[in-house]
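Asks: One structure, as structure tokens, below. Some questions next.
Just so it is clear, none of the values below were taken in a lab; they were calculated from the coordinates. This structure is a prediction, so every number in the text was calculated from the model and none was measured. Neighbour counts are summed over all protein chains in view; Cβ atoms, including those assigned to glycine, are modelled from backbone coordinates with ideal geometry.
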Amino acid sequence: MTEQPTRRPRLRRYALRTATALVVVVAIMIGASFAATAVLHIPSPPTLLRLSVDPPSTQGRLFASRTVAASPTPRPLPVVSDSLPVTVPWRGSQITIAQFLDTTHTNSFLVLRNGVLTTEWYGDGVQPTTPQSSWSVAKSVVSLLTGQAVAAGKLREDDRLTRILPELATGGGYDTITIRDLLDMTSGVDVPENYHKYLPLTGTARMYLTEDLGGFVRAHRSLRFAPGSAGDYRSVDTQLLGMALAKVQGRSVSELLQHDIWDPMGAQDDAQWNLDTTGGQEKAFCCLNATARDFAKIGQLVLAGGRAGGTQVVPPEWLERIRVPAPHPVGAWRYGAQWWHPSGGDGQDISAVGVYGQYIYLDPPSGTVIVKLSDHGTAQDRQETIDVFRAIARR
């Protein structure tokens, strides 16, 4: 009993030393994690944590961005209510539209008929003015900007990438990549199309996170195949295309979108295009954050032959370029100038597609545009979703 008063202070000192050591270890680990992300040129650990738990549709707010202001002369879409099919095809059976929207984790769903908004639906927490990430739908927007540059004589499809961006020259096969290769996903650049949030340091996932896009593309100039010899979906192709476009036009991709498309088409709301870092360059392969209504206006612009409000915004020759698929398919679907040509149907419909279920779908024969923005699984149910769109367009 006489030893207890002595033992207790020792236990307290031991506990204090242990707690202090744990605090020091945690502090070192936190400091090391912040230092590691700085060395890797990727966002800080708190942002990485948010990216692992936030839905894809909202991740744009976690990155630096450049604003694309609403048009000074916005043109709201005319609205007329119209019914949709009672059921639509889904995996060999029929389901209701409500089931389809729920099954595919939809946030926004719009249908236009001949330029008139006939269906407008939003999920919980989403409003008509809520910006949502485009993911790879942005690629199709970059295509329209490219078509404008080609028509203006600033760019040619036969131009070699390294003529425009000589800092990327290697002296090897990479130097033969053309603008056409980038448009049609035939460059062969070896950057795997990886989106796995738990493997964020490889491929497209790393390009999405990097705070130095210039350094990223310089570090990734090896080839999987000779440029122009095959088709293989690679987001890096669009990033390189956006960088070349900004160089020849002398303005950022956001500024080009603002002045050459957003303003003349009468966009109703501000958009934001995510950058690699504050004041940096756009992630051209993804990350245009805009409202469903303004994405629908992009679709209507293409469907209307490139005209909006009596102005020829996108050259009709470029729209013909989009409508004709490139010689090399990209996966199960055909592809052309950053737009998809889904399998099946009569071959007349095209679509911009984003990885988590983002679509701007166009069916020219019926004059239909469908916008669907979702938080669905990676590249999940694409053909099934297109089949639903076709049933709605041709009902």
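Asks: Based on the alpha-carbon gyration tensor of segment 201-325 and its eigenvalue square roots a ≥ b ≥ c, which shape applies: rounded if a/c is under 1.5, prolate if not and a/b is larger than b/c, or oblate? Could the numbers behind the result be given before it?
Replies: Numbers: a/c = 2.16, a/b = 1.43, b/c = 1.52.
Here segment 201-325 falls in the oblate category.
Asks: Let me ask something additional. To make sure I understand, if each residue's beta carbon is the centre and we count other beta carbons within 10 Å, what order do Ser252, Ser366 fall in, fewest to most?
Replies: Neighbour counts put them in this order, fewest first: Ser366, Ser252.
Asks: Something else: So which trypsin sites (Lys or Arg not before Pro) in segment 42-93 are both in a DSSP loop and have at most 11 other Cβ atoms within 10 Å of their Cβ? Write out the running numbers ahead of the final one.
Replies: Working: sites: Arg50, Arg61, Arg66, Arg91; in loops: Arg91.
For trypsin sites (Lys or Arg not before Pro) across segment 42-93 that sit outside H, G, I, E and B with at most 11 neighbouring Cβ atoms in 10 Å, the list reads Arg91.
Asks: Go ahead and estimate [θ] at 222 nm for the chain from helices alone: -39,500 (n - 2.57) per DSSP H run with n ≥ 4, summed, over the residue count, rounded to 500.
Replies: Working: 13 runs with 143 residues, N = 395.
Computed ellipticity for the chain at 222 nm equals -11000 deg cm²/dmol.
Asks: Toward the positive end of the charge dipole of segment 52-393, about the Cα centre and with charges on Cβ (Lys, Arg +1; Asp, Glu -1), which of Val248, Ser351, Trp262 goes farthest?
Replies: Highest projection toward the positive end goes to Val248.
Asks: If you rank His328, His220 by fewest surrounding Cβ atoms within 10 Å, what's the result?
Replies: His328, His220
Asks: Evaluate Rg over Rh across segment 52-393, taking Cα atoms for both radii and Kirkwood's formula for Rh.
Replies: 0.94
Asks: What is the sum of charges, Lys and Arg at +1 and Asp and Glu at -1, for the other residues whose Cβ falls under 12 Å from the Cβ of Thr278?
Replies: -1
Asks: Below 18 Å, Cα to Cα, which lysines can Lys139 reach? Residues fewer than 8 away in the same chain don't count.
Replies: Within the straight-line cut-off, Lys139 pairs with Lys247, Lys283, Lys297, Lys372.
Asks: A further question on this structure: Which ³J(HN,Hα) values, rounded to whole Hz and listed in residue order, are derived for segment 171-179 from phi using the Karplus coefficients 6.51, -1.76 and 1.60 in 6.51 cos²θ - 1.76 cosθ + 1.60 with θ = phi - 60°, glycine and proline given as x?
Replies: Per-residue couplings from phi come out as x, x, x, 4, 5, 8, 4, 10, 4 Hz.
Asks: Follow-up. Taking the Cβ of each residue in Thr73, Thr204, Thr238 as the centre, tally the other Cβ atoms inside 10 Å and list the residues starting with the fewest.
Replies: In order of increasing Cβ crowding within 10 Å: Thr73, Thr204, Thr238.
Asks: So what J values fall out for segment 266-274 if you push phi through Karplus, 6.51 cos²θ - 1.76 cosθ + 1.60 with θ = phi - 60°, rounded to Hz, Gly and Pro as x?
Replies: Taking θ as phi minus 60°, the curve returns x, 4, 8, 10, 5, 10, 10, 10, 5 Hz for segment 266-274.
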